[in-house]
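The structure appears below as structure tokens.
The values are calculated or read from the model by the stated rules, or taken from the named source; none is laboratory data. Quick caveat: nothing in here was measured; it's all calculated off a predicted structure. Cβ placement follows ideal geometry from the backbone for every residue including glycine, while neighbour counts extend to all protein chains displayed. When the accessible area is computed, the model is the full protein with side chains, heavy atoms only, and any ligands, DNA or RNA have been set aside. Shrake-Rupley method; radii C 1.70, N 1.55, O 1.52, S 1.80 Å.
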Amino acid sequence: MAIHATPLDDSTVSELETRFRGELLTPGTAEFNEARTIWNGMIDRQPALIAQCAGVADIISAVRFATEHDLPISVKGGGHNIAGRAVEDNALMIDLSPMNSVRVDPEAKTARVEPGVVLNELDHETQAFGLATPVGYNSTTGIAGLTLGGGWGWLSRRYGLTVDNLLSVDVVTADGELVHASEDENEDLFWGTRGGGGNFGVVTSFEFQLHEVGPEVLSGPIVHPFEDAEMMLKEHRRLAAEAPNEVAVWFVIRHAPPLPFIPKEWHGKKVLILAAFYGGEMAEGEKILQPWRDIGDPIADAVGPHPYAGWQQAFDGLAPAGSRHYWKSHNFLEMTDGMIETFVEFGETIPTELTEIACAQLGGAINQKPVDSTAYPHRDAEFTMVLHTQWEDPERDEECIAWAREMHEAMTPHATGGVYANFVPEKDGDQQAAYRENYGRMVEVKTKWDPENVFQLNHNVKPTA
Ligand SMILES: Cc1cc2nc3c(=O)[nH]c(=O)nc-3n(C[C@H](O)[C@H](O)[C@H](O)COP(=O)(O)OP(=O)(O)OC[C@H]3O[C@@H](n4cnc5c(N)ncnc54)[C@H](O)[C@@H]3O)c2cc1C
């Protein structure tokens, strides 16, 4: 049941109004309800006030106002965090969604990106110049939360994580000051923002390195009957072990969606889908992806040249905003037989038609950087499993969450024990598992930049007293 917000009195709100250019939304209006609604339909929280920032000055005003009035601060970028950390009961929500400009410098191959940008907006602007930086596979995700947690996608085996392509940030700190951070300036803060989430301040601008990509890439899904899953995954394991960094092949076990390239008789039946991507030269890609296309007897094979920006949106429809979601994740050093057996075992019991057992291929350039080069520590993972448990009926909450936890537990013996902070579904996740060897330095950086833990509605690292 939703908690009702303790409203701030009008005179307190007007105090902020005098130093604010964007919109201030108070409980009870349609605009407020729209702004507090985030991607995961499980999350129904009532902030005390929503500050829709028009620019950096508004963020500074909002941070100072919140600390003066002892209001917890939540920060909303794209609102895709599974645990719903962008919104909290009785907190001040700093909503960055109006700040969505992207400035590309085609000569330098860099982009300056505001924190309300979502991935399809970034791809749209960079692809106008045949450029891109590695980001996630769902284009409605926010660049801010994705980057701050690490960020990986189809281009990551070739060009590294999103944070590996981050050149600098501007940050509003806990005392309401704007600072710049890069490898040469406030290096500790820059280190922390590359994987440490929103722990250190509100990032107001991201500067990214871009690379020449597309505009067409070789990509597409290859669909097989679920009955062939074990054989398919063993073959995939063999091919993935030798794949060059331009390749990323992910797999998904789910019920076949009613998409036009899948024969009608298969719609709603369980399938294993290989999603194949080659980010380099097309003719070379044809040769390199062919062995995956030759395995078994596919129901459908839609691999071909696709616009990169279109491929980045290809899976959006499978994880729509508003469904109920509980996602769990694991990282793996390799695909063992036990892991494959567990994928197949739980593939049998997938609880809903919308649920997916997904496994992305990582490694490549991601793992070529030292663990302590950024706060993101999982530089050993070759594969990552994401259980996209998704359903619509609230009556099924308990059953679906229990299924995800059971499968997650069954996979634990095969996994590294590290967990990507961006895929933690609980409000209070396991910080050691998320930050691993880098946890100690995270605490030091937190203690220096946010000693009072002003920014705690995130995968929170506590400062030392
Ligand atoms: C459908 C879907 C697909 C996904 N696919 C991928 C994927 O392919 N690869 C991948 O790496 N991840 C993926 N993710 C995970 C995604 O990276 C995280 O959910 C991320 O937190 C989303 O960022 P956001 O800005 O949309 O979220 P929000 O919920 O708005 O923010 C997430 C967290 O970041 C903090 N935050 C947001 N903006 C700022 C800011 N400017 N300054 C400081 N703190 C801030 C928030 O307070 C919150 O704690 C996916 C998630 C979903 C739902």
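Residue-by-condition table, conditions (1) open to solvent by 10 Å² or more (accessible area, probe 1.4 Å); (2) in a helix (DSSP H, G or I); (3) among the acidic types (D, E):
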residue: L146; (1), (2), (3): yes, yes, no
residue: W152; (1), (2), (3): yes, no, no
residue: A174; (1), (2), (3): yes, no, no
residue: V179; (1), (2), (3): yes, no, no
residue: F208; (1), (2), (3): no, no, no
residue: I222; (1), (2), (3): no, no, no
residue: L239; (1), (2), (3): yes, yes, no
residue: P244; (1), (2), (3): yes, no, no
residue: V249; (1), (2), (3): no, no, no
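Each residue in the stretch 121-143 was checked for being outside any loop (DSSP other than H, G, I, E, B), open to solvent by 10 Å² or more (accessible area, probe 1.4 Å) and closer than 19 Å to D95 by Cα, and 1 pass. Filtered by the rule that a residue be open to solvent by 10 Å² or more (accessible area, probe 1.4 Å) and within 13 Å of the ligand (Cβ to nearest atom), the stretch 339-381 gives L354, E356, A358. Restricting attention to the stretch 96-107, the residues being touching a strand residue (DSSP E or B) at 6+ places or on another chain (Cβ under 9 Å) and more than 9 Å from the ligand (Cβ to nearest atom) number 8. The single condition among (1) surrounded by fewer than 24 Cβ atoms within 10 Å (Cβ to Cβ); (2) within 22 Å of E15 (Cα to Cα) that N100 does not meet is (2).
Given the criteria of a type outside the set (G, A, S), farther than 30 Å from S329 by Cα and open to solvent by 10 Å² or more (accessible area, probe 1.4 Å), does R85 qualify? Answer is no for this residue. Among the residues of the stretch 266-288, how many are under 15 Å from L155 (Cα atoms) and either open to solvent by 60 Å² or more (accessible area, probe 1.4 Å) or without any contact (Cβ under 8 Å) to a residue 12 or more places away in the chain (or both)? Adding up the residues that qualify gives 1. Is it the case that some residue within the stretch 192-206 is part of a helix (DSSP H, G or I), in contact with a strand residue (DSSP E or B) (Cβ under 7 Å, 6 or more places away or on another chain), within 16 Å of the ligand (Cβ to nearest atom) and open to solvent by less than 10 Å² (accessible area, probe 1.4 Å)? Yes: one or more hits. Residues in the stretch 154-172 that are within 12 Å of the ligand (Cβ to nearest atom) and part of a strand (DSSP E or B) were compared, and the one that is surrounded by the fewest Cβ atoms within 10 Å (Cβ to Cβ) is D170.
Filtered by the rule that a residue be surrounded by fewer than 18 Cβ atoms within 10 Å (Cβ to Cβ) and among the aromatic types (F, W, Y), the stretch 251-265 gives a lone residue, F261. Would you confirm whether any residue within the stretch 299-319 is over 22 Å from the mean Cα position of the chain (by Cα), without any contact (Cβ under 8 Å) to a residue 40 or more places away in the chain and part of a loop (DSSP other than H, G, I, E, B)? No.
Kindly establish whether M99 is assigned to a loop (DSSP other than H, G, I, E, B) and in contact (Cβ under 8 Å) with a residue 12 or more places away in the chain. Judged against the criteria, M99 is a match. Residues in the stretch 50-73 that are under 18 Å from D170 (Cα atoms) and either open to solvent by 20 Å² or more (accessible area, probe 1.4 Å) or not acidic (D, E) (or both): 11 in all. For the structure I just gave you, tell me whether T349 is in contact with a strand residue (DSSP E or B) (Cβ under 7 Å, 6 or more places away or on another chain), of a type in the set (V, I, T) and at negative phi. For T349, the condition - in contact with a strand residue (DSSP E or B) (Cβ under 7 Å, 6 or more places away or on another chain), of a type in the set (V, I, T) and at negative phi - is not met. For the stretch 409-428, taking the residues that are in contact (Cβ under 8 Å) with a residue 60 or more places away in the chain and in a helix (DSSP H, G or I), the one that is surrounded by the most Cβ atoms within 10 Å (Cβ to Cβ) is identified as A421. Checking every residue in the stretch 187-207 against the condition of being among the polar types (S, T, N, Q), over 17 Å from the mean Cα position of the chain (by Cα) and over 24 Å from R85 (Cβ atoms) gives zero matches. V117 meets all of the listed conditions (1) surrounded by fewer than 23 Cβ atoms within 10 Å (Cβ to Cβ); (2) under 15 Å from the mean Cα position of the chain (by Cα) but one, namely (1). On inspection, G116 fails the criterion of being at pLDDT 95 or above, assigned to a loop (DSSP other than H, G, I, E, B) and under 24 Å from Y278 (Cβ atoms).
Taking the criterion of being more than 8 Å from the ligand (Cβ to nearest atom), farther than 19 Å from T18 by Cα and β-branched (V, I, T), the only residue of the stretch 44-86 that qualifies is I73.
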